[in-house]
Amino acid sequence: MKIDLTETTSSKINQALVSARRAIGTPAIGMVLTLVIVTDEENAYDALKSAGDASREHPSRIIAVIKRVSRSPRARRDARLDAEVRVGSDAGTGETVVLRLHGELANHAQSVVLPLLLPDAPVVVWWPEDAPADPANDPLGALAQRRITDTYSAELPLDELAVRAETYSPGDTDLAWTRITPWRSMLAAALDQQPAEVIAATVEGESDNPSCELLAMWLADRLGVPVERTLSQGPGLTAARMETKNGVIVLDRADGSLATLSMQNQPDRAVALKRRDTAELLAEELRRLDPDNTYASAVKFGVDKLHSGGEVTAKPVDSAADKADRAAEAKAPAAKKAPAKKAASK
């Protein structure tokens, strides 16, 4: 069910929500949180679709805040709120409210959103693009327990990653970090299967990819070893390599979907490591509402090195022959391997 409201107020929107629930025969809907999406008209459809898919796992009230830019001075002085209320099959498993803020009202979005928040329920704010420099001190971000950004959507992702580190507050997270969760799980599981001291590591992926930088910084932070950052043609993150005293552990994903895990004295194993869509990433972040201390430690570890160039060093894209040599080296006895080249240190 959809209800369009023109030149409305927050009170009328709440009344429309109650009326819509009664009309579809469900006066009470179990929702676990409020998800506020701050976006624009261009990206609103994709963001709402991803949030709707994620709501099947986390029933929520989704509030999309779209600030309409006024061109003329007179239009900028005229404050107007238009809304669209969706309940039932049109809103996934919860409720959706699309707010369009015109004129001066666009500068006071928090005053419109606050009366629409679910009582006694957590609040999560998500910026699919154009996130503020300091999300925790943003008027809408201040309403939330969790604040989700995406440095991958920025024009200069590595500069944006540095900003995320400098302004980090407990509750902040980024989808560039969420994208490497399967990589971190696989690498940690590999070390559990073959416990050995790691002496160096390498992360390979596209240039200007914040997920690659975060994985490199996480390895350097958690293992306390030199981490080398190399370039590939992608897509995204393509390989991670850990040099241990018992051999080499290599996780290689050349096609963006299926990866190969290679370890000393063990057969190669194919593992599913596909690139996930935004809905899956968002659903993962909504599973936890406490501060992510691991993300905080990783992103803060390398911010100074990102500025100075000490953490990330680029090498030419590997050829097919180079990759074949590396695969052979991974299977060779530990005594025959050359020591890893160290390009960066903690």
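The values are calculated or read from the model by the stated rules, or taken from the named source; none is laboratory data. Predicted, not measured: the structure shown is a model, and the values here were computed from it. Only protein heavy atoms, including side chains, enter the accessible area calculation; ligands, DNA and RNA are left aside. Shrake-Rupley method; radii C 1.70, N 1.55, O 1.52, S 1.80 Å.
First check a/c for the range 1-59, with a ≥ b ≥ c the square roots of the eigenvalues of its C-alpha gyration tensor; if it is under 1.5, answer rounded, and if not, answer prolate when a/b is larger than b/c or oblate otherwise. Oblate shape, in that a/c is at least 1.5 and b/c is the bigger or equal ratio. Among the protein heavy atoms of the range 129-275, carbon and sulfur supply 49% of the accessible surface, probe 1.4 Å, non-protein parts ignored. For the range 203-256, the relative contact order works out to 38 percent when only alpha carbon pairs closer than 8 Å and six or more residues apart are counted.
Averaged over its residues, the range 207-268 has an accessible area of 32 Å² per residue, based on protein heavy atoms and a 1.4 Å probe.
Across the range 164-179, rounded Karplus estimates of 3J(HN,Hα) from the backbone phi angles (6.51 cos²θ - 1.76 cosθ + 1.60, θ = phi - 60°) give 4, 6, 5, 10, 4, 10, x, x, 6, 7, 9, 5, 5, 6, 4, 5 Hz, Gly and Pro being marked x.
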